[in-house]
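Every number in this text was worked out from the coordinates using simple rules, so none of it is lab data. Model, not experiment: these values are computed from the prediction. So basically every Cβ, Gly included, is an ideal-geometry build from the backbone, and we count neighbours across all protein chains shown.
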Amino acid sequence: MHELLLKAEKLGSMFADLRYYEVKEISISDTEQGVYISTNGSDIGYSLRVLYDGNWGYVSTSNLNDSDVKKAVDSAYGNGKVNITYLPSKKDEVKIKQQKEVNKSIEEIVKDLDRIKNRILQNTSVKSVNVRYFLSSIHKEYYSTEEREILQDYIINGIAISAVSKEGDIVASAYHGASTFKGYPLEIFDENEMIEIIEKRLKNQLKGKIPKGGESEVVLAPDVVGVFSHEAVGHLAEADLAINGILNRLRGKKIAPDFVSIYDSPFIDYNRAIGVTPYDDEGVEGRDVKIIDKGAVSEFLVDRYYSTYLGEKPTGNARAEDFRSPILVRMRNTYMLSGDYNVEEMIKEVKDGYLLVSPLGGQTSPDGTFQFGIQEGYIIHNGEIGEPLRNVGISGYTIETLSKIEAVSKEFDVWPGFCGKGGQSVPVGTGGAYIRVKMKVGGNV
């Protein structure tokens, strides 16, 4: 590795770094139509990046050699204006340990999935179900001409359940996922609880009321708050998007009450926080990024280039899906910090409104508008949780919504997810506290 980096320097590169990836994946899907098993063996490869004459050059390959260094240098072209943040030499090896090593055969896993599937299918209204297990075992190595040498190992295990039911003309769908760094999902999470969540959401979607459209007082649970923090706030704070976005002109300005803070962190010790990133794919040690700090726009997520461009300390947010993919500015674990309320107190103060528990799909725009679906929600009347809802959506404008937050709870949780950007998908955590806020709820108008 070091010889190739030295060759890049001899060819005139100002900087060069090299990424090595070795990924093993297993995916098992158990449906009412059968079991489908996919294994990729080992996906192994290298990515070499050089900074030559103020421009980036790249090459990715499964077998790196001297000729690839010349290819990377020859590919460097542009306006010659690339500057990056340089770091001191460092060697480190990080292994994210599991609570308990996964020692399950394919046959044992299929048996577990089959049991869950059959329990859900006992409900005659359920027309289809998919119980999926996946494992990603990842080994990364990073080397740079700064004499940085970072090795990282981790394993993500997950189970995702999706189901569709139908009664008459009403069709309901539900999803629940449980992914973790800490071991086999059914040894970390409660199987009965996972099944109950799916059954409850299907029942609610079949029997629930459609809310009246318009602005309402709502209590958002941590799962919904996490998606809001990630989608409606976090993406706007990714430096490549932020420099031309709505948050850049608001840096240092108050846009929310003092009790509202949103962070992006490399590590947070929750079972479902799968965005754990001790070092990013540029060999940068991760740190907390205070996107919103006590109501004010504070920091952006940066890579080495945007660290220099914005004059911001490196954050460790440069990530790539695999060795073939270019590095992009990405989130890790994005969440709203907890507050002083307890959730029961928060709900009791709502005369007429909604409790929205779990999101299902959504979209955001660079101008700060957002729209999310909700798969589990309830009516609140006179401070009491009442009938379930169906066909619910929420929408709004990020800055306006943040300014309308009335309360943030002590209770806090984190959920797993996979974020897409630039055709790449990376594991993330999203979460936060319960919040009470006035916002637009979609339904019957």
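Quick notes on this structure:
- Residue within region 225-238 that is surrounded by fewer than 17 Cβ atoms within 10 Å (Cβ to Cβ) and either farther than 29 Å from THR401 by Cβ or in contact with a helix residue (DSSP H, G or I) (Cβ under 6 Å, 6 or more places away or on another chain) (or both) present: no
- Members of region 91-146 that are of a type in the set (Val, Ile, Thr) and not in a strand (DSSP E or B): ILE96, VAL102, ILE106, ILE109, VAL110, ILE116, ILE120, THR124, THR145
- Of the criteria (1) of a type in the set (A, V, I, L, M, F, W, C); (2) surrounded by 18 or more Cβ atoms within 10 Å (Cβ to Cβ); (3) within 22 Å of the chain's Cα centre (by Cα); (4) part of a strand (DSSP E or B), which one ILE380 fails: (3)
- Test: residue in region 170-185 that is crowded, with 16+ Cβ neighbours inside 10 Å and in a helix (DSSP H, G or I): yes
- Residue check for GLU231: under 30 Å from ARG390 (Cβ atoms), of a type in the set (Asp, Glu) and not in a helix (DSSP H, G or I): no
- If the condition is being assigned to a strand (DSSP E or B) and at positive phi, then region 1-44 contributes GLY34, GLY41.
- Of residues in region 124-166 being farther than 30 Å from GLY208 by Cα and of a type in the set (A, V, I, L, M), the one nearest to the chain's Cα centre (by Cα): ILE156
- Looking across region 50-78 at every residue that is within 16 Å of LEU6 (Cβ to Cβ) and among the hydroxyl-bearing types (Ser, Thr, Tyr), the one that is surrounded by the most Cβ atoms within 10 Å (Cβ to Cβ) is identified as TYR52.
- Scanning region 64-94 for residues that are under 14 Å from ARG19 (Cα atoms) and in contact with a Gly (Cβ under 8 Å, 6 or more places away or on another chain) returns a single hit, ALA72.
- Only one of LYS209, LYS200, LYS166 that is touching an Asp or Glu at 6+ places or on another chain (Cβ under 6 Å) and charged (D, E, K, R): LYS209
- Test: residue in region 115-130 that is in contact with a Gly (Cβ under 8 Å, 6 or more places away or on another chain) and either touching a residue at least 12 places away in the same chain (Cβ under 8 Å) or surrounded by 17 or more Cβ atoms within 10 Å (Cβ to Cβ) (or both): no
- Subset of region 301-329 that is crowded, with 18+ Cβ neighbours inside 10 Å and β-branched (Val, Ile, Thr) - its residue that is nearest to ILE84 (Cα to Cα): VAL302
- Positions within region 367-403 being under 15 Å from GLN205 (Cβ atoms) and not aliphatic (A, V, I, L, M), in sequence order: GLY373, GLN375, GLU376, GLY377, TYR378, GLU387, PRO388, ARG390, ASN391, GLY393
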